[in-house]
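**Student:** Pasting a structure here, questions to come.
The values are calculated or read from the model by the stated rules, or taken from the named source; none is laboratory data. On a predicted model such as this, the values are computed, not experimentally measured, just so you know. Backbone-built Cβ (ideal geometry, glycine too); neighbour counts: all protein chains shown.
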């Protein structure tokens, strides 16, 4: 029976002639409710002064509006395969072996694709695959889906066809040949035999042409020295695993020095085995990854570094070059030279001093030692640029001698220190062609901007080391109307076929005894690698004399370097890299000038923590040869007094989203392609707001977070002394914290039980694990403002700690000596002092993710059981149960849970890759994209462990030994992070769990984590 009752919502409805009632029948709200304008604006939302009554009204309106909008969902039509490709099984990934070399970074890779879409970079572990991916290479998968990429070729700023480009270029080349004008091909370093052969054919067709190779970050002095000594332009591929004594003078070999990629070999010698490990002494100006990892770090200026190198040369080779005293560092240098000489063939010396004479001395010292790390290795082909050739090109362009300039893989308008001269010279050329992924600073002013494909869309071959041949293959069809530089060159040469055909025909010369398909499958083929032999032809004595007479910098020494995140700046539009915190300073979204504490105090500069937990800093004006830049200041522990540091790779504007246009272009200060410059600095007006995610610098004697010991104690004392188990009181008796339970323990004795081990000796802070975790788990980017508010979403962070005394052991001892609250040894003043880092501190890195506790504090406080414990040891999150109380984050002693304060996908306020369809192609379909109001954290890559179990089941076998992996463990080239099933005793993780060095983070809390650490051992 129906009701005839009439319901009314307001007294206005009683008036039958009311115009308002009639309007509301067709429009629920008389005025639009600005829901998105308010809730979508994070600045407005955080600063709004709204009463509780207004807030509840607003929530009521917005909820009603959202409910109505949800009644009609959008329709998305899916299109099935007409003919499904045989190699694609929906839901099952495919992997393709390839190689990346962009002129700066290089690696042998496996690319994971889903339904034909590349989504993840992995390391190629086939025999012969020598180089692993760093953080930038892992992030390069996102650059494939950059919405700012150049989508079509352009002529004079207008979209054109490739036929138009070919016609214009051929006409220009013919005109140059007729007039006798120069044709110059300007590229980055090429390690491709096929490309070099192709360019050679081009030069034969056009006798007036020449090829110039240019490295944005120069290694020309080291190349010149190697060429003088051994007759070829290459670099030494040092094998640090064969060195027991490592002395580095200004070389950040764990960073980007001479291409980097040395961390795997270095870490092998740093893990104590049978009572032995390598010893590492670092002499440097800036605090670097290598300095942070060293057993002994000596802070010194570049001028003193040259003197130190001469002293080591005199001690080992027997030179008699006069040197000056190094003051307080004299004893350290003398001892380093003695220890290096005593190590003999097990010693190695490297140097980053950009001086040909210095590099000749390095070669001579290693030859005299008979260093196995030097004499048993091959030569790297990853840097070939010549400073002299580039300078001559710019001069020729300004004089109008260059008719046609063809560029590929370079952006000289941005990277050249004399960029204005290059731009002026470019105007004097008749035609310029720039092959580029984006319409960058150079492509935007070139006659032709040729849209180039990403390396994941390309064919190529590489010989990164002589005798090691590798292939690059496309993993997806080109997304845009692009063409490879090599294909264009073949077209202009009149070659038939494609570059793929050209490579395949050319590969036979380098893959004797193997087939094309085998090499393509493996990604690499290694023949007998030629090694460095002979005494070298360089005149070391003359080089030593010349180096001793070199002039020191006047004023401050400015050291220009590349950051772990952005490198040379090629991927400045990559939000993963912009948000990646620098391993040393822990700052993201910025470059800055680093100064020592002593210099900062003299100059009136400071860093201070503000009320919201952010870090502010002064601005400084830095001048080099009349060129001035203004940057914020970071007061850096370990910075040598009288020196400054600025990172290259920032300050780009062209073809970048507005959010990515951060920092200052320091290439303008890179005069003469030398990373060492004489500079002046003064304080500028204003304060800068940093996005620094770690405000605490020291451990303040908390030895239960990072445990350290010396090699001597490790060898001669029982583990109970250098790795003590914390004790708690039970029934008024001291009991080991690991023996006490507040809850009934889970039984993990059957089935899989996953553990993760982190070796603090092997971790170099490189950050590859952080980016790999981003890619695997669809971790969002939140931007600088949210990072500053400590709302970063990284599931894995790498904490960096400085000692407040000269060593961490000194910190622990100082804490133990506290007596009372006040006085000289009072804890109040003492702890305040321990908050400040030493001027030359020891440094430790500690990767921290969800510890997946057996007695997880988060599980007991969640009111809706969104976080729970799994049978295999993981602490699991059910996102659709989470209501965002954040009790779990408050109760977590490790602070590893991340809350989605906003919707980070499909939100213009966060205009990063998740805000456009192209960028979202990188998302992993096995991992859900979290929404606003949901808590998230490390899942121990449960999708990867389950895939491994299901693969073994499908193949009718047991899971292989050490087959399990997470994104971080697979990306960790140093071997610091190991993952596996602890119930299988053959697995490495099971052995590590029983190691004497094993301990848990904050063990006294009693959470019993499934993540454990290995005590850091220093060879001091």
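**Student:** Across the stretch 584-594, what is the total count of residues that are touching a helix residue (DSSP H, G or I) at 6+ places or on another chain (Cβ under 6 Å) and in a loop (DSSP other than H, G, I, E, B)?
**Tutor:** 1
**Student:** Here's a check for you: in the stretch 363-389, which residue that is out of contact with any helix residue (DSSP H, G or I) (no Cβ under 8 Å at 6 or more places or on another chain) and farther than 16 Å from residue 246 by Cβ is surrounded by the most Cβ atoms within 10 Å (Cβ to Cβ)?
**Tutor:** That would be 381.
**Student:** Taking the criterion of being over 28 Å from the mean Cα position of the chain (by Cα), outside any loop (DSSP other than H, G, I, E, B) and at pLDDT 90 or above, would at least one residue in the stretch 470-486 satisfy it?
**Tutor:** yes
**Student:** Which of the numbered conditions does residue 470 fail, given that it passes all the others? Conditions: (1) closer than 30 Å to residue 513 by Cβ; (2) surrounded by fewer than 23 Cβ atoms within 10 Å (Cβ to Cβ).
**Tutor:** Looking at each condition in turn, residue 470 falls short on (2).
**Student:** Inspect the stretch 780-789 for any residue being more than 30 Å from residue 898 (Cα to Cα), touching a residue at least 60 places away in the same chain (Cβ under 8 Å) and in contact with a strand residue (DSSP E or B) (Cβ under 8 Å, 6 or more places away or on another chain) and give the result as yes or no.
**Tutor:** Of the residues in the stretch 780-789, the ones more than 30 Å from residue 898 (Cα to Cα) are none.
Within the stretch 780-789, none of the residues are more than 30 Å from residue 898 (Cα to Cα), touching a residue at least 60 places away in the same chain (Cβ under 8 Å) and in contact with a strand residue (DSSP E or B) (Cβ under 8 Å, 6 or more places away or on another chain).
**Student:** Also: Could you please find all residues in the stretch 595-615 being more than 28 Å from residue 785 (Cβ to Cβ) and part of a helix (DSSP H, G or I)?
**Tutor:** Across the stretch 595-615, the qualifying residues are 597, 598, 599, 601, 602, 603.
**Student:** Any residue in the stretch 951-959 that is under 27 Å from the mean Cα position of the chain (by Cα) and not in a loop (DSSP other than H, G, I, E, B)?
**Tutor:** Scanning the stretch 951-959, I find no residue that is under 27 Å from the mean Cα position of the chain (by Cα) and not in a loop (DSSP other than H, G, I, E, B), so the answer is no.
**Student:** Does residue 337 fit the bill of being in a helix (DSSP H, G or I), within 22 Å of residue 545 (Cα to Cα) and in contact (Cβ under 8 Å) with a residue 12 or more places away in the chain?
**Tutor:** Yes, satisfied.
**Student:** Considering only residues that are touching a strand residue (DSSP E or B) at 6+ places or on another chain (Cβ under 6 Å) and outside any strand (DSSP E or B), look in the stretch 340-357 and name the one that is surrounded by the most Cβ atoms within 10 Å (Cβ to Cβ).
**Tutor:** 340
**Student:** Taking the stated definitions as given, is residue 646 touching a helix residue (DSSP H, G or I) at 6+ places or on another chain (Cβ under 6 Å) and either at pLDDT 95 or above or part of a strand (DSSP E or B) (or both)? It would help to see each step written out before you state the result.
**Tutor:** Working: touching a helix residue (DSSP H, G or I) at 6+ places or on another chain (Cβ under 6 Å): yes; either at pLDDT 95 or above or part of a strand (DSSP E or B) (or both): yes.
So residue 646 fits the description; yes.
**Student:** Please return the ranges of strands (runs of 3 or more DSSP E) entirely within the stretch 659-736 where 3 or more residues are at negative phi, surrounded by 15 or more Cβ atoms within 10 Å (Cβ to Cβ) and touching a residue at least 60 places away in the same chain (Cβ under 8 Å).
**Tutor:** Details: elements: 676-692, 708-710, 727-730, 733-736.
So the answer is 676-692, 708-710.
**Student:** Please work out if residue 308 is in contact with a strand residue (DSSP E or B) (Cβ under 8 Å, 6 or more places away or on another chain), part of a helix (DSSP H, G or I) and crowded, with 19+ Cβ neighbours inside 10 Å.
**Tutor:** In short, yes.
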